[in-house]
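The values are calculated or read from the model by the stated rules, or taken from the named source; none is laboratory data. Values in this document were obtained by computation on a predicted structure and should not be read as measured data. Note that we place each Cβ from the backbone using ideal geometry, even for glycine, and neighbour counts take in every protein chain shown. Side chains included, ligands, DNA and RNA excluded: accessible areas come from the protein's heavy atoms. Shrake-Rupley method; radii C 1.70, N 1.55, O 1.52, S 1.80 Å.
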Amino acid sequence: MGKGIQGLEQAYHILFVAALVFLAVMIILCLIRAIRGPKVADRIVATNMMGTMVMVIIAILAIMLDEGYLADICIIYAMISFLAVIVLTKVYMGVYREKKKEESDGSN
């Protein structure tokens, strides 16, 4: 009976490590998208996706390491990531409106 539980724990460990590796590769791909663009909206979405994947990584580590405080860190990171995306979007919308206003003033 003890060997079955040991095998299950080992299977979960392998699954968690595979998920962490997959998420790390996806974060690298999102970083490439955030750098290359081509539009600012693509960069904002890629940044948001990276934040979400980091939260999932923290949650997986909380389960793997059996550390409850990591769940609290994950929640705090979620709030900070959300606020960062909101601020980036507000800044982008302000710049976009300024450009549209300048273009409409310049064409008149």
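Annotations for the structure displayed:
- Residues of the stretch 32-48 classified as assigned to a helix (DSSP H, G or I) and closer than 19 Å to LYS90 by Cβ, total: 10
- Here ASP66 qualifies as within 17 Å of PHE16 (Cα to Cα) and not hydrophobic (A, V, I, L, M, F, W, C).
- All of (1) more than 17 Å from the chain's Cα centre (by Cα); (2) modelled with pLDDT of 90 or more hold for TYR92 with one exception: (2).
- Flag if PHE16 is open to solvent by 60 Å² or more (accessible area, probe 1.4 Å) and closer than 18 Å to LEU61 by Cβ: no
- Qualifying residue in the stretch 27-38 (condition: more than 11 Å from the chain's Cα centre (by Cα), touching a residue at least 12 places away in the same chain (Cβ under 8 Å) and more than 20 Å from PHE16 (Cβ to Cβ)): yes
- Failed item, numbered, when GLY37 is tested on (1) in contact with a Lys or Arg (Cβ under 9 Å, 6 or more places away or on another chain); (2) on the phi < 0 side of the Ramachandran plot; (3) surrounded by fewer than 14 Cβ atoms within 10 Å (Cβ to Cβ): (2)
- Just one of the listed residues (SER81, SER104) is in contact with a Gly (Cβ under 6 Å, 6 or more places away or on another chain) and open to solvent by less than 80 Å² (accessible area, probe 1.4 Å), and it is SER81.
- Condition check for VAL45: open to solvent by 60 Å² or more (accessible area, probe 1.4 Å) and either touching a residue at least 40 places away in the same chain (Cβ under 8 Å) or under 15 Å from SER81 (Cα atoms) (or both): yes
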